[in-house]
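Here's the structure, in structure tokens; my notes come after.
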Number of protein chains: 2
Amino acid sequence: MREVAVLGVGMTKFGELWDRSFREIGIEAGLQALVDAKLSSADLGALYLGNMASGSLIDQEHIAPLILDYAGLGSRHLPGVRVEAGGASGALAFHQGYQAVASGLVDFVAVGGAEKLTDVPDVTGNQITSAAADHEWEVVFGATLPALWALIAQRHMHQYGTTREQLARVPVQAHAMGSKNPNAHYRNRITLDQVLAAGPVAEPLGVFDCAPLSDGAAAVVLGPLEVARKYTDRPVRVAACQVACDTMAVQHRKDVTVLDSTVVAARRAFEQARRAPRDIDVAEIHDAYSISALVSLEDLGFSEKGHGGPDFAAGRFAPDGELPVNMSGGLKAQGRPFGAVGVAQIVEIVRQLRGESNERQVKDAHRGLAQDVGGTGATSVVTILEEAS
Amino acid sequence: MREVAVLGVGMTKFGELWDRSFREIGIEAGLQALVDAKLSSADLGALYLGNMASGSLIDQEHIAPLILDYAGLGSRHLPGVRVEAGGASGALAFHQGYQAVASGLVDFVAVGGAEKLTDVPDVTGNQITSAAADHEWEVVFGATLPALWALIAQRHMHQYGTTREQLARVPVQAHAMGSKNPNAHYRNRITLDQVLAAGPVAEPLGVFDCAPLSDGAAAVVLGPLEVARKYTDRPVRVAACQVACDTMAVQHRKDVTVLDSTVVAARRAFEQARRAPRDIDVAEIHDAYSISALVSLEDLGFSEKGHGGPDFAAGRFAPDGELPVNMSGGLKAQGRPFGAVGVAQIVEIVRQLRGESNERQVKDAHRGLAQDVGGTGATSVVTILEEAS
């Protein structure tokens, strides 16, 4: 296993990109990443592309060759691999691209994530988001993803005393960060009162506790660490990348307040990186729902189990806190184009480690973590990135 | 790169499996492969799953953890990776699983392919098969996959003098072999006259020139060759596995009668295996349409370009010919559950190399090739398997 570095990153604005097609946003992110890596497309050996639901959303499967083709690489006949794991599709693509370079099978790979969600009306209602949950055990009985996460929230409140106000702190911080992120879907600040007064989606979760559906794409270029300095002054090393799965249905878990897939992926990742949660300086985590953020902070080892709510409310994960979390604005404010999310998290961490995050820059960020979750946690991917010494 | 062996294989019957769900057929194939490999599920390190369109077909994405869960492996938190490349999804999953073992990242992996196509009415008409073609350049103008392959056939007939009768030989042989395959979707023999008299789908292709839509699943277990003899007396070595992509739209190709992705993937595979087309004893190729079989035989190097039709009609690819092709019955008669096809091809070749193919057994089969194609050739995967010495 050789060491792998992120050589370049790119992403589109996230939001309602009605005037731009899937292939256009895919190419924009990819070209940004190539330019950032000072590589030409001729250097690439493969493309790994994360996407959840292009078949249902835009009647288009087979999208890895589509993006290679539209990038002008059709005649190079590169391998193109689309991977899917619900909302964790982007991070899973990163994992597969990382393995390809780490194993020595290929030198330079592009990893992309892209999703066009807003061209279809009522994506949640018509079951496209629900396709990441268990159709036979959950969805046919009327459960949607917000409803399932609401069950987890109810149990978390019952079991640990987590409060509605603690949950509401998550989107307030997300929008504050989104206001400083030119790529964010939402750039408006919101107040605690607004979150609490918003209409319910599935109690206790209101409109502001749920991330939006967005269009968007993100990309990174990976290569061997040993040659990284030829391409960039600030290479970022992939210290670990691990995937773990869990039961599809929430009801089949021992304790619904624990994302076992995140616990296991994080344990494996910290082992691989020979680090502990306290060594992380900045993190991007799964805040598709305010409860998913609190549970993730606990299951990644950043809060004791059950303490996510009070810790968040105390400012531990604020920009000036002990561990700044979701400085991008997270899924809540930066946006949530399913397959692009996991790659965009990597883009944010890389820019933080390089000191390129402007108003959102975390001081002394030397090591970062990204956690991407599919469905209600049937897949989690945890990646640890470090400044290359 | 370490050597990789196929340790076990399994598959369900292909056909209209209306009484069985996606997860049921996925598990059946996987358990067969595990039993065949004399492995327990506890030995597995990862699952790679090929599937094209479960989101559109059964409202279920995120299917790798689904299958792990239903197999009772949810609590082991293995990595599950679903890959998609239209009709080449199964072979692409095999390729990713092969790379994972070859690189030493994991010892034993299960590779599966599954698709439930017959629970939805009019899959071709409602654009689910067309999602493997280029939506913006082909499908919105009314082109379906049969129509696109018909264009290729027309040009092949014009350019090389290929005849309607030569095309019709392909399904006649396929059904003859299907009649000997207990897993085949179609087990009835058909005559040349029946093929020629059948209603047109897209001229020159008639009903019998087009493979059916089927339900079905197939699976293999891969492991390091060095330990293979602990598990099986007849290990099969993966001598090569290569993927290549091409333009999505047929119209963007220099010569529409050539599948460049197959030409390139085959060239890379023969180089990796240090073999030539004449070294192959048995092959499974992409006969989703009779023209796709002839073009594939040419582009794999088994026929000179343009000679596929006369060579096939002369019996060169018959059971007693120079190179027996599609002894399973192929996509035409064994069936065509998109994501399962590429894995089922591997299953057939492995059984042939082990001498387990009963009535369909090819004599002296020591080395086999499988070619899986997505859409009209935007992805091709070519795999070469050998008896382990």
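The values are calculated or read from the model by the stated rules, or taken from the named source; none is laboratory data. Because the structure is predicted, anything quoted here is derived from the model rather than measured. Because the Cβ atoms are built from the backbone with ideal geometry, glycine has one as well, and the counts that use them run over all protein chains shown.
Descriptive notes on the structure:
- Members of the range A:299-315 found to be under 15 Å from A:Leu369 (Cβ atoms), free of Cβ contacts under 8 Å to residues at least 40 places away in the same chain and out of contact with any Pro (no Cβ under 6 Å at 6 or more places or on another chain), listed by number: A:Ser303
- Any hit, the range A:325-341, residues being more than 13 Å from the chain's Cα centre (by Cα) and not aliphatic (A, V, I, L, M): no
- The single condition among (1) touching a Leu at 6+ places or on another chain (Cβ under 8 Å); (2) surrounded by fewer than 23 Cβ atoms within 10 Å (Cβ to Cβ) that A:Met157 does not meet is (1).
- Whichever residue in the range B:60-78 is on the phi > 0 side of the Ramachandran plot and at the interface with chain A (Cβ under 7 Å from one of its Cβ atoms) and, among such residues, is nearest to the chain's Cα centre (by Cα): B:His62
- Residue identified as within 18 Å of B:Val221 (Cβ to Cβ), in contact with a strand residue (DSSP E or B) (Cβ under 8 Å, 6 or more places away or on another chain) and among the basic types (Lys, Arg) among B:Arg351, B:Arg336: B:Arg351
- Output for the range A:79-107, where each listed residue is more than 7 Å from every other protein chain (Cβ to nearest Cβ) and either closer than 17 Å to B:Gly50 by Cβ or within 12 Å of the chain's Cα centre (by Cα) (or both): A:Gly87, A:Ala88, A:Ser89, A:Gly90, A:Ala91, A:Ala93, A:Phe94
- Total residues in the range B:175-206 satisfying the condition of being within 19 Å of B:Val325 (Cα to Cα), hydrophobic (A, V, I, L, M, F, W, C) and surrounded by fewer than 19 Cβ atoms within 10 Å (Cβ to Cβ): the figure is 2.
- Some residue of the range B:49-56 being more than 7 Å from every other protein chain (Cβ to nearest Cβ) and part of a strand (DSSP E or B): yes
- Cross-chain or 6+ apart pairs with Cβ under 6 Å, the range A:242-254 first and outside the structural domain of A:Tyr98 (by TED's automatic domain parsing) and in contact (Cβ under 8 Å) with a residue 24 or more places away in the chain, then part of a loop (DSSP other than H, G, I, E, B) and of a type in the set (Phe, Trp, Tyr): A:Ala249/A:Trp137
- Criterion: touching a residue at least 12 places away in the same chain (Cβ under 8 Å), among the hydrophobic types (A, V, I, L, M, F, W, C) and not in a loop (DSSP other than H, G, I, E, B) - qualifying residue of A:Val106, A:Val140, A:Val111: A:Val111
- A:Glu115 buried (at least 24 other Cβ atoms within 10 Å of the Cβ), farther than 20 Å from B:Leu92 by Cα and acidic (Asp, Glu): yes
- Scanning the range A:207-251 for residues that are touching a His at 6+ places or on another chain (Cβ under 6 Å) and either surrounded by fewer than 24 Cβ atoms within 10 Å (Cβ to Cβ) or part of a helix (DSSP H, G or I) (or both) turns up just one, A:Pro212.
- Residues of the range A:305-320 include none that is under 22 Å from A:Ala388 (Cα atoms), at pLDDT 95 or above and in contact with an Asp or Glu (Cβ under 7 Å, 6 or more places away or on another chain).
- Qualifying residue in the range B:26-41 (condition: part of a helix (DSSP H, G or I), within 14 Å of another protein chain (Cβ to nearest Cβ) and surrounded by 24 or more Cβ atoms within 10 Å (Cβ to Cβ)): yes
- The residues in the range B:252-264 that are at the interface with chain A (Cβ under 9 Å from one of its Cβ atoms) and either among the hydroxyl-bearing types (Ser, Thr, Tyr) or not in a helix (DSSP H, G or I) (or both) can be counted, and the count is 3.
- Any chance A:Glu138 is in contact with a Leu (Cβ under 8 Å, 6 or more places away or on another chain) and within 13 Å of chain B (Cβ to nearest Cβ): yes
- Where A:Asp69 falls short, out of the listed (1) in contact with a Cys (Cβ under 7 Å, 6 or more places away or on another chain); (2) assigned to a helix (DSSP H, G or I): (1)
- Residue among B:Arg267, B:Arg275 that is under 26 Å from B:Met177 (Cβ atoms) and out of contact with any Asp or Glu (no Cβ under 8 Å at 6 or more places or on another chain): B:Arg275
- Unmet requirement for A:Ser21, which otherwise passes all of (1) of a type outside the set (D, E, K, R); (2) at the interface with chain B (Cβ under 8 Å from one of its Cβ atoms); (3) crowded, with 24+ Cβ neighbours inside 10 Å: (3)
- For A:Gln127, the conditions (1) within 11 Å of chain B (Cβ to nearest Cβ); (2) of a type outside the set (Phe, Trp, Tyr); (3) within 28 Å of A:Ala228 (Cβ to Cβ); (4) surrounded by fewer than 24 Cβ atoms within 10 Å (Cβ to Cβ) are fulfilled apart from (3).
- Of the residues making up the range A:281-312, just one is in a helix (DSSP H, G or I) and within 20 Å of A:Ser357 (Cβ to Cβ), namely A:Ala293.
- Condition check for B:Thr118: among the hydroxyl-bearing types (Ser, Thr, Tyr), more than 13 Å from every other protein chain (Cβ to nearest Cβ) and closer than 25 Å to B:Ala288 by Cβ: yes
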